[in-house]
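**Student:** Just dropping this structure here.
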């Protein structure tokens with residue numbers, strides 16, 4: 001299957017099973033899907049040659065914070081440039097002007113696909 005978006009999706013999550021589920025859901029839509037279950041950028045992540053088109057910060061535990069996860073992963077430079085989808089059970093106000101979106105946890109595959117389609121040209 002050809003990817004709908006020519007680029008990578010980077011998934012940072014705090015749960016191994018959640019990371020696997022997100023990768024399975026997003027894999028058909030991106031050229032590459034890379035994920036980490038320790039809320040840090042994977043050592044094998046390279047911004048080149050495939051551009052980063054989506055960052056997902058998925059938090060299954062309300063003790064974790066998306067801003068802290070982005071900072072720890074050294075991804076704050078992407079804020080406002082690459083769409084960021086935060087998945088958490090914490091209240092969060094999205095900011096589409098800054099390319100920051102939110103999806104409540106838990107979620108369904110349809111809810112994830114619908115959210116991503118709102119801000120990316122996914123078929």
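**Student:** Give 81, 116, 21 a once-over and let me know the one that is in contact (Cβ under 8 Å) with a residue 12 or more places away in the chain and surrounded by 13 or more Cβ atoms within 10 Å (Cβ to Cβ).
**Tutor:** 116
**Student:** Within the range 84-95, track down each residue that is exposed (fewer than 14 other Cβ atoms within 10 Å of the Cβ) and in contact with a helix residue (DSSP H, G or I) (Cβ under 7 Å, 6 or more places away or on another chain).
**Tutor:** none
**Student:** Identify the residue in the range 74-108 that is modelled with pLDDT of 90 or more and in a helix (DSSP H, G or I) and, among all such residues, is farthest from residue 36 (Cα to Cα).
**Tutor:** My answer is 97.
**Student:** What number goes with the only condition from (1) without any contact (Cβ under 8 Å) to a residue 24 or more places away in the chain; (2) in contact with a helix residue (DSSP H, G or I) (Cβ under 7 Å, 6 or more places away or on another chain); (3) closer than 15 Å to residue 12 by Cβ that residue 60 does not pass?
**Tutor:** For residue 60, the exception is condition (1).
**Student:** Checking the structure you have, find out if any residue of the range 66-73 is in contact with a strand residue (DSSP E or B) (Cβ under 7 Å, 6 or more places away or on another chain) and in a loop (DSSP other than H, G, I, E, B).
**Tutor:** Yes, because at least one residue in the range 66-73 is in contact with a strand residue (DSSP E or B) (Cβ under 7 Å, 6 or more places away or on another chain) and in a loop (DSSP other than H, G, I, E, B).
**Student:** Quick check: anything in the range 17-33 under 22 Å from residue 118 (Cβ atoms), in a loop (DSSP other than H, G, I, E, B) and in contact with a strand residue (DSSP E or B) (Cβ under 6 Å, 6 or more places away or on another chain)?
**Tutor:** No, there is no match, as no residue in the range 17-33 is under 22 Å from residue 118 (Cβ atoms), in a loop (DSSP other than H, G, I, E, B) and in contact with a strand residue (DSSP E or B) (Cβ under 6 Å, 6 or more places away or on another chain).
**Student:** Something else: All but one of (1) free of Cβ contacts under 8 Å to residues at least 24 places away in the same chain; (2) closer than 18 Å to residue 23 by Cα; (3) crowded, with 17+ Cβ neighbours inside 10 Å hold for residue 100; which doesn't?
**Tutor:** For residue 100, the exception is condition (2).
The values are calculated or read from the model by the stated rules, or taken from the named source; none is laboratory data. Keep in mind it's a predicted model, so treat the numbers as computed, not measured. Don't worry about glycine lacking a Cβ; one is built from the backbone with ideal geometry, like all the others, and counts go over all protein chains shown.
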